[in-house]
Amino acid sequence: MKKKIVIILCVIACFSPVKANNPDTTPDTLSSKYLDEVVVSASTKETNDLKALPTSVTFLPARTIEERKIIGIKDLSTIAPNLFIPDYGSKLSVPVYIRGIGERMTGQSIGLYVDNMPYLDKSIFDFELLDIAQIEILRGPQGTLYGRNAMSGIVQLRTFSPLEQQYRKVSLTTGNYGLFRAKAAVSERLAANLGLSISGYYDGNDGYFTNAFSREKADGLQSGGGRVRLDWAFLPQWTAQLTANYDYVEQGAFPYGEYKDGTVADPNYNYQGNYRRQVVGTSLNVNYQNDRIIFNSATAFHYFDDNMKMDTDNSPAALFRLNQLQRERSATEELTLKSNTKNNYQWSFGLFGFYNELNTSVTTTMDKDGIANILQPAFDKIHENNPRAPQMTVKNAEIPIPGTFKTPAYGGAVFHQSTYNNLFIDGLSVTAGLRLDYEKPRLDYNTNMDMDLDVAVQAGPQMIHIDSALVTTLQGKQSAKFTELLPKIAVKYEINSESYVYASVSNGYKTGGYNIQNFADIVQEAVREKYDRSFHASPVDSLVPYKPEYSWNYEAGYKGEVVQNVLYAEIAGFLTDVRDIQIADFVESGQGRILKNAGKARSLGVDVSLTAHLTHELGLTANYGFTHATFQDYKTLEADYKGNFLPFAPQHTLSLSAAYRKQFQNAWIDRLTLLAQYNSAGRIYWTEANDVYQPFYGLLNLRAGVTKGIVGVNLWANNVLNTHYAAFYFESMGRNLAQSGKPLTFGLDLSLSF
């Protein structure tokens, strides 16, 4: 199978009909100016250049992306200040935290865009990054221009345009734990005004963790896919960009083990976790530009379906297992019109609309041990409390609790932003914007529990046994409407052409919605209510919805050269007040997770980025983030958590890197690249009670590569010191569980550029 994939990818790269340029000799125009490169600063709706935004922003150019082996969004963790994306569970799990604000379950706190195409569901955030020219990470609420899914920031990915970059390249990677990766890419100019790029990949490994129960790897991975981009300048002032992508994933998942005294045991469960997903996306950007205006239409469509299987008790006992299938279709349209003049006043208007249809099928199965140890004792207790009640014995070997859930949503927005430069004095500018956001989600649910019982009734001196079928069904609908105004204002003063200070106030908003993973518990409560008169089940309407989350962010910062042409610095301080913060929690049975609102929270801290160009060959970078994120008002029946730190968000993030790049003339190699990177995070509290935490830890990554002609060879190692740490922790069914971070991995890359 792997050989066939390699052959196909090589054919794609090698047998293109049009002559291509070597990407190593094409100037890299997509990197930071302080590494002898230029940042792409064009935007379809910003009224400021991207490189001069009055907000905290990190740019990652193509060279950095390649050298640091950023192949997925989780590889961005800590690479920017206060950005944390832990790697655990499966590709379904993509929790993103920026400045202490994030979400590890349904919904999202950041916006993700690829060439103006929004990703509305974080279930598909973790995909292979192909042909990426630049990554932009904007921290703090970006709701005015990007809407309700940008409460803590946005991540924008820009791919190479085949009209601007032409190349053909094949790369192969092999490493420990059975790692094998193959990629191929072709970017060609088919005509003066027409360009085409095609890329494909395969990625696989045997897995890092062994299931003690089965003695087999618990988290092996097989994935593959590709991307096509067609650029057409069909009129002098008109361009169109059509893209399509496909990704397929099959992986073992959820290698959770017992956690005790900071140590994570091997996974040990009888039902193997698995995750399978396929994603299809397409987008069309049409752009018109003259010397007065820029108009852009961005149309996108996404389809994905997945299948997730999980041992929800995470033990060798046959208690509970879960099978969840999702199928989603989404369509978005955004129209923007902005000024394109040299005047002091710049403006931007936009309209946005979306439709999202998510159908979910969830089956929670109570296995034999769950019936014997949990369900049957509950029936026995009813009889003990009331001897006149019949004695009921469950006859099923297993009891599935299936449910189907339709959660369609649609919405729209209208937004505007204005910037006035050189206001009153040279260098002073003001940016103000406002967005009106509307959304209407709906939930249609149908779930049931069906079991066979032996009902023993005392009839005089005799016991009469009756076969009975117990069927409990819950069916209903709910809907909601959310409307929100999202303002922003920022003031900036340019000290000189390379330095400025700014201050901003912005509003963040994350929509509400509906929980579906707690329906197995809801059905069981309904069953209990039928036979236990002392018990009253809570209304479904009170258990399913969760409210929107709101924030106000206050920020001030400085960007500029500290030492001319040597040291560049970005420093920002922030304070974010959050109301009705959404946090994830496991239901009492441990058979699912829910989102709930937890009062007020406050996050304050600093972002610091330093880039030093010590010599032409040697560059250093440092990115540090400090976040003090605490509950301000959060009480439960068990405790008052006011003053406690928000769980899952690190207090510190730190990324240090040193890159040495040497060009040679008339030597046995053309270029040498050496890179050392240290990424660290902590302390991370895992619970609202702050009684369990991951201490500060760091991962050392090393790279060494040489290039000669069309051949490149790169040796790499991640987590060189084999640091042991917990990537995730949770408590379920009275047990402490966690997933270990990935161990030391190393390998070899071989690339050919034709």
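Points to keep in mind about this one:
- Where strands (runs of 3 or more DSSP E) fall entirely within segment 196-268, those with at least 3 residues that are within 30 Å of ASP291 (Cβ to Cβ) and in contact (Cβ under 8 Å) with a residue 60 or more places away in the chain are at 221-235.
- Leading residue by the ranking (surrounded by the most Cβ atoms within 10 Å (Cβ to Cβ)) among those in segment 293-326 that are among the charged types (D, E, K, R) and part of a strand (DSSP E or B): ARG321
- Picking from residues in segment 397-422 that are part of a loop (DSSP other than H, G, I, E, B) and surrounded by 16 or more Cβ atoms within 10 Å (Cβ to Cβ), the one that is farthest from the chain's Cα centre (by Cα) is ASN421.
- Residue check for ASP75: part of a helix (DSSP H, G or I) and either of a type in the set (Gly, Ala, Ser) or at pLDDT 90 or above (or both): yes
Listed here are the residues, each with its yes/no results for (1) over 24 Å from LEU120 (Cβ atoms); (2) polar (S, T, N, Q).
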| site | (1), (2) |
| --- | --- |
| GLU334 | no, no |
| SER339 | yes, yes |
| PRO387 | yes, no |
| GLY412 | no, no |
| THR419 | yes, yes |
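- Annotation: ALA676 fulfils all but one of (1) surrounded by 20 or more Cβ atoms within 10 Å (Cβ to Cβ); (2) assigned to a strand (DSSP E or B); the unmet one is (1).
Quick grid of which residues meet (1) surrounded by fewer than 17 Cβ atoms within 10 Å (Cβ to Cβ); (2) under 31 Å from the mean Cα position of the chain (by Cα); (3) at pLDDT 90 or above:
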position: ASN496; (1), (2), (3): yes, no, yes
position: TYR500; (1), (2), (3): no, no, yes
position: LYS510; (1), (2), (3): no, yes, yes
position: GLN564; (1), (2), (3): yes, no, no
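This table checks each residue for (1) in contact with a His (Cβ under 9 Å, 6 or more places away or on another chain); (2) part of a strand (DSSP E or B).
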site	(1), (2)
THR336	no, yes
PHE349	yes, yes
THR363	no, yes
PHE379	no, no
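- Per this entry, THR483 is not counted among residues that are farther than 30 Å from GLN417 by Cβ and either in a loop (DSSP other than H, G, I, E, B) or in contact (Cβ under 8 Å) with a residue 40 or more places away in the chain (or both).
- Criterion: in a loop (DSSP other than H, G, I, E, B) and at pLDDT 90 or above - qualifying residue of TYR88, TYR97: TYR88
- Meets criteria (of a type in the set (S, T, N, Q), within 30 Å of ASP585 (Cβ to Cβ) and assigned to a strand (DSSP E or B)) for THR653: yes
- All conditions but one from (1) of a type in the set (A, V, I, L, M, F, W, C); (2) farther than 28 Å from ILE710 by Cβ; (3) more than 28 Å from the chain's Cα centre (by Cα) apply to VAL155; the one that does not is (3).
- Set ALA42, ALA80: member being in a loop (DSSP other than H, G, I, E, B) and either at pLDDT 90 or above or acidic (Asp, Glu) (or both): ALA80
- Just one residue in the set THR431, THR473 is buried (at least 17 other Cβ atoms within 10 Å of the Cβ), in contact (Cβ under 8 Å) with a residue 12 or more places away in the chain and β-branched (Val, Ile, Thr); that residue is THR431.
- Residue in segment 727-735 that is closer than 24 Å to ASP203 by Cβ, part of a loop (DSSP other than H, G, I, E, B) and modelled with pLDDT of 95 or more present: no
- Residue match in segment 291-308 (condition: among the basic types (Lys, Arg) and touching a helix residue (DSSP H, G or I) at 6+ places or on another chain (Cβ under 9 Å)): no
- Residue check for LYS662: closer than 24 Å to ARG139 by Cβ, at pLDDT 90 or above and surrounded by fewer than 18 Cβ atoms within 10 Å (Cβ to Cβ): no
- Matching residues, segment 550-585, being charged (D, E, K, R) and part of a strand (DSSP E or B): GLU555, LYS559, GLU561, GLU570, ASP577, ARG579, ASP585
- Residue ID - nearest to the chain's Cα centre (by Cα), chosen from residues in segment 641-694 that are acidic (Asp, Glu) and farther than 23 Å from ILE710 by Cβ: GLU688
Table: residues versus (1) of a type in the set (A, V, I, L, M); (2) surrounded by 20 or more Cβ atoms within 10 Å (Cβ to Cβ); (3) more than 18 Å from LEU604 (Cα to Cα).
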site	(1), (2), (3)
LEU620	yes, no, yes
PHE626	no, no, no
ILE669	yes, no, yes
TYR697	no, no, yes
LEU702	yes, no, yes
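- Test: residue in segment 510-518 that is in a loop (DSSP other than H, G, I, E, B), among the charged types (D, E, K, R), in contact with a Lys or Arg (Cβ under 9 Å, 6 or more places away or on another chain) and on the phi < 0 side of the Ramachandran plot: no
The values are calculated or read from the model by the stated rules, or taken from the named source; none is laboratory data. For clarity, every value in this text was computed on a predicted model and none was experimentally measured. We place every Cβ from the backbone using ideal geometry, glycine too, and count neighbours over all the protein chains shown.
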